[in-house]
Amino acid sequence: MTIRLLDNHVVSQIAAGEVVERPASVVKELIENSIDANASYIHVSTRDAGKRLVRVSDNGDGISSEDVELAFVRHATSKITSLDDLQRLISLGFRGEALASIASVSRLTVTTRHIEEEIGTQLLIESSNILKKQSIGAPIGTIISIENLFFNTPARLKFLKTDPTEKRHITGVTLNYAMMYPHIRFVLEHDNREVFRSTGSGELGDVIIKALGLDQFKNMMEIDFQQGSVEVVGYTSTPELVRSDRSKIILFVNGRAIQDSNLAYAITQAYQGFLKDKQYPVSVISITLPPDWVDVNVHPTKAEVRFQDHNMVFNVIQRAVRETLLQSSGAQFSSLVTRKENDFSWNRSQANVRGLETDYEPRLLNDDDRASGVLRDTFSIPVGAGMPDKPRTLPVLRVVGQIGAVYIVAEGPAGMYLIDQNAAHLRINYEQLKEEFEQRGYLESYEIEPQTKDTSSKLIAFMEKHKPILEAHGYRIEPFGTSTYVLRGVPIILADRSIEDILQYLTTTLLAKLNISRQELSEVLLLTTATLASIKSGQVLNHQEMQSIVKQLERCPNPLTSPDERRVFLHMSGEQIAQEFKKS
Ligand code: ADP
Ligand code: MG
């Protein structure tokens with residue numbers, strides 16, 4: 001047996017095992033990089049629980065075209081230059097390992113534009129090899145897409161858990177950062193479905209409402225405590241909100257989510273006399289202390305930290321929670337006499353809750369509702385999921401069922417509604433695409449296996465002329481000869497649609513519009529994409545899918561008609577229905 005040095009690539013793959021354990025670890029590292037780059041908007045999207053795709057886009061400072069390769073070299077970092085710097089560390093990253101590791105076990109595309117540069121750079125890396133570097137028009141910020149994670153390390157792939165479990169980890173990581181950085185707007189999508197969105201208002205309470213739901217937030221108390229140079233802020237639950245495990249005790253130290261069972265114990269202990277055995281609170285607690293009082297460099301994923309004086313930290317946290325608890329219970333006691341039902345007297349940040357109440361319209365339930373399980377339907381969805389902060393355009397509707405796999409039947413305060421599922425979904429998708437396009441100036445493209453399509457030379461000339469517009473709408477098209485084109489990328493919302501269908505529909509639509517203006521073309525492309533993305537008539541939907549459509553429609557501009565001028569709703573009032581029954 002000869003001793004040989006491992007080649008660099010193998011070293012990377014082994015090291016990757018330490019940093020990148022699962023898709024959620026990728027999400028964590030990318031989010032941290034975005035935060036370090038001063039982003040105020042971070043968008044996380046995944047496909048197949050991150051196994052097929054993890055994409056994180058930010059509007060941070062970007063990476064200069066000169067440095068971009070360096071970002072993928074092990075131990076290359078812009079954040080520290082010496083070990084001394086670690087003592088004053090304020091950035092989340094510092095090991096310069098994450099990108100190199102991730103790039104060694106995936107196919108990675110980075111598109112970035114530095115804040116001081118006119119044009120962006122795109123780099124494609126597979127198993128640490130740079131396959132392509134090109135200049136590309138891009139907004140300031142960074143988009144990193146990781147496809148086929150662990151494709152070259154099958155052993156690791158095998159250890160991944162089921163999709164729901166991996167998704168849960170990704171969601172958990174994203175929510176943690178959204179809570180820790182409430183001034184950053186976070187959006188999380190799994191398989192094109194928005195599961196979380198924070199407002200970026202800067203209020204932790206707002207994020208907790210989105211993450212845990214208003215119901216739980218009503219039972220949380222604000223912590224705001226300082227002792228010496230140690231500050232403890234956050235929220236912790238009243239004894240009325242308990243869990244049977246510690247999984248909802250979330251801790252941050254100097255802006256970093258950490259796991260520390262000992263500190264979790266400090267928090268649980270603070271509830272002595274308030275909670276029974278095996279009961280645990282829900283807590284989101286952030287501790288800030290001078291950087292040199294804590295060592296973050298003890299674990300490759302930085303999930304554990306070491307305190308110079310662990311006992312001191314333990315005591316401070318315990319006091320912070322205990323005092324909050326005692327104060328609130330005192331307040332509760334003294335106001336008990338005048339306390340009305342539904343008064344959130346446990347909560348010290350009532351103004352906060354009240355301010356948000358306008359956006360939350362629980363309907364009053366009667367006993368019949370309860371018996372028929374509406375209660376579960378209405379409240380099992382966390383406030384916030386799939387409900388962006390938009391004004392309501394429709395009353396709250398309750399899904400009853402589906403007719404002929406074409407219409408959704410819903411009940412509202414004014415009677416019965418029949419909703420054309422295709423027209424409704426088209427309206428939703430169209431508004432979403434339009435908003436994204438207007439806000440960002442482009443739609444993200446999803447790279448596909450290139451496919452060719454034969455068509456007329458007129459269309460090829462048209463595509464050549466309008467290539468930038470097509471690209472800005474996510475369609476990456478290359479003319480190929482005089483009467484063929486190659487499709488290399490589609491808007492990300494179409495990533496799982498049949499490419500055949502896309503080619504067919506796009507070609508016929510554009511052939512009929514060869515003389516339109518740029519402005520009109522943009523409109524046509526948005527509508528084309530929305531059409532291709534929409535649920536068709538004839539598709540059987542489950543309750544959750546119908547509910548998701550109805551919920552989104554309730555906050556959609558122009559919900560009454562589809563963008564192609566079809567009717568979305570038929571409405572029958574209670575009286576009309578009664579009238580019909582009176583006729584003999
Ligand atoms: P670290 O974060 O420990 O420095 P990484 O491998 O995660 O190491 O990143 C390497 C370098 O790439 C960072 O130091 C930073 O300069 C750059 N970088 C990574 N992601 C981004 C991003 N989203 N925006 C701007 N720069 C980034
Ligand atoms: Mg990093």
So, first residue within 12 Å of Tyr475 (Cα to Cα) in the stretch 423-450, second residue charged (D, E, K, R), Cβ within less than 7 Å, six or more apart or across chains; the pairs are Leu443/Glu436; Ser445/Arg476; Glu447/Arg488; Ile448/Arg488; Pro450/Arg488
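Can you tell me which residue in the stretch 240-283 is modelled with the highest pLDDT, limited to those that are among the polar types (S, T, N, Q) and under 25 Å from Val294 (Cα atoms)? So that I can check it myself, show each step before the final result.
To start, the set of residues in the stretch 240-283 that are among the polar types (S, T, N, Q) comprises 244, 247, 254, 259, 261-262, 268-269, 272, 279, 283.
From the residues that got through so far, the ones that are under 25 Å from Val294 (Cα atoms) too are 247, 254, 259, 261-262, 268-269, 283.
Values: Ser247: 85, Asn254: 88, Gln259: 86, Ser261: 87, Asn262: 88, Thr268: 91, Gln269: 87, Ser283: 95.
Looking at residues that are among the polar types (S, T, N, Q) and under 25 Å from Val294 (Cα atoms), I get Ser283.
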Condition (residue is among the small types (Gly, Ala, Ser), touching a Phe, Trp or Tyr at 6+ places or on another chain (Cβ under 6 Å) and surrounded by 17 or more Cβ atoms within 10 Å (Cβ to Cβ)) applied to the stretch 157-179: is it met by at least one residue? yes
Flagged pairs (Cβ under 6 angstrom, 6 or more apart or on separate chains; first in the stretch 459-474, within 17 Å of Glu523 (Cα to Cα); second of a type in the set (Gly, Ala, Ser) and buried (at least 20 other Cβ atoms within 10 Å of the Cβ)) are Gly474/Ser445
Give the residues of the stretch 125-150 that are open to solvent by less than 10 Å² (accessible area, probe 1.4 Å) and in a loop (DSSP other than H, G, I, E, B), sorted by residue number. Leu149, Phe150
Got a number for residues in the stretch 93-124 being away from ligand 2 (no atom under 16 Å from the Cβ) and part of a strand (DSSP E or B)? 9
Those residues of the stretch 188-218 that are crowded, with 21+ Cβ neighbours inside 10 Å and among the hydroxyl-bearing types (Ser, Thr, Tyr) come to a total of 1
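Yes/no matrix, rows are residues, columns are (1) in contact (Cβ under 8 Å) with a residue 12 or more places away in the chain; (2) open to solvent by less than 90 Å² (accessible area, probe 1.4 Å); (3) among the hydroxyl-bearing types (Ser, Thr, Tyr):
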position: Ile535; (1), (2), (3): yes, yes, no
position: Ser548; (1), (2), (3): yes, yes, yes
position: Leu553; (1), (2), (3): yes, yes, no
position: Ser562; (1), (2), (3): yes, yes, yes
position: Glu580; (1), (2), (3): no, no, no
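The values are calculated or read from the model by the stated rules, or taken from the named source; none is laboratory data. None of the values given here were measured: they were computed from a predicted structure. Cβ sites come from the backbone with ideal geometry, for glycine too, and all protein chains shown count toward neighbours. Just so you know, the surface numbers come from the protein's heavy atoms only, side chains and all, with ligands and any DNA or RNA stripped out. Shrake-Rupley method; radii C 1.70, N 1.55, O 1.52, S 1.80 Å.
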